[in-house]
Amino acid sequence: MKIKSILLVVLLASMQPFFAQEVKTVTQAEIKTADSLKVISNTLDLEKQQAEAQARSENEKAVREKLKSEKESLKDSKDRERDQKRLEKNEKKLEKEKKSFEKKQDKIATHEKRLSKTKSKKAKAEKDLAKRTEKFEKRKSRGKLSEMEIEKENIKISKQQIKIMELEKDIEKEEKRLNKLR
């Protein structure tokens, strides 16, 4: 066993240089290259960070522009809706005015018809009065009428004259209404 242990120690001792780590000696040139690599990697990292920051700022700018354009489009759509409502309101107002104008024209036409009817009634009444008066005068001049018939005829003539005066008043009223409507 002693031999085995000695052999083992010798074997291990001989194997030690084989398994031992290599000691590196660092030279000045290697330190400079390592430093330059570190500087290059740092500059690359810095450039990456700057590129990321620039990309981030461009993204933020794009988002801001997009939000701004959305706000403008929303504002434009609201303006269009407001304009559309105003337009509809104006159309309704014009339609209402048109209806009122048509009603007014209908009223004017109605009053003109009434006026013309009243004038024709007056003309007819005047014609009838002239005939009645003429007829009465003829009969009276012949002497064929009694006092009672003369009084009755005078009453009829007076009623006819009153009717004509009422028709004249109606004509004046209709003319005032027409002038007021126009």
Q | Proximal lysines to residue 93, defined as alpha-carbon separation beneath 18 angstrom and excluding residues fewer than eight positions away on the same chain | A | 85, 103, 104
**Q.** Calculated Rg and Dmax of the Cα atoms in Å (choose from (i) 61.8, 197; (ii) 16.2, 53; (iii) 17.1, 52), label
**A.** (i)
Q. So how much accessible area does residue 8 have, in Å² to the nearest 10, using a 1.4 Å probe?
A. 100
Q) In terms of solvent-accessible area of protein heavy atoms at a 1.4 angstrom probe, what is the ranking of 136, 101, highest value first? A) 101, 136
Q.
Can you give me the accessible area per residue for the chain, using a 1.4 Å probe, in Å²?
A. 93
Q.
If you take every residue apart from residue 178 with its C-beta less than 10 Å away from the C-beta of residue 178, what net charge results, scoring Lys and Arg +1 and Asp and Glu -1?
A. +4
Q.
Once ligands and nucleic acids are excluded and a 1.4 Å probe is used, how much of residue 155 is accessible, expressed in Å² to the nearest 10?
A. 90
Q. Assigning unit charges at the beta carbon (Lys, Arg +1; Asp, Glu -1) and nothing else, what dipole magnitude in debye, to the nearest 20, does the chain show about its Cα centre?
A. 2740
Q | Distance between modelled label sites at residue 107 and residue 36, nm, 7 Å Cα→Cβ extension | A | 10.5
(Q) Taking all protein chains in place and a 1.4 Å probe, what share, in percent, of the accessible surface of the range 52-182 do carbon and sulfur account for? (A) 50
Q.
Could you tell me the calculated FRET efficiency between residue 98 and residue 78, based on Cβ-Cβ distance and R0 = 45 angstrom, to the nearest 0.05?
A. 0.90
Q) Taking only DSSP H segments of four or more residues, each worth -39500 (n - 2.57), what value at 222 nm results for the chain once the sum is divided by all its residues, to the nearest 500 deg cm²/dmol? A) -35000 deg cm²/dmol
Q | Rounded accessible area of residue 177 (nearest 10 Å², 1.4 Å probe) | A | 110
Q | Solvent exposure, largest accessible area first (probe 1.4 Å, DNA, RNA and ligands not counted), of 118, 33 | A | 33, 118
Q: For a label point 7 Å from the Cα of residue 121 along Cα→C-beta, name the residues of the range 162-178 whose backbone N is under 15 Å from it.
A: 162-175
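The values are calculated or read from the model by the stated rules, or taken from the named source; none is laboratory data. For clarity, every value in this text was computed on a predicted model and none was experimentally measured. Positions of Cβ are backbone-derived with ideal geometry, glycine not excepted, and every protein chain shown enters the neighbour counts. The protein model used for the area step is the full one, side chains on, heavy atoms only, and it has no ligands, DNA or RNA in it. Shrake-Rupley method; radii C 1.70, N 1.55, O 1.52, S 1.80 Å.
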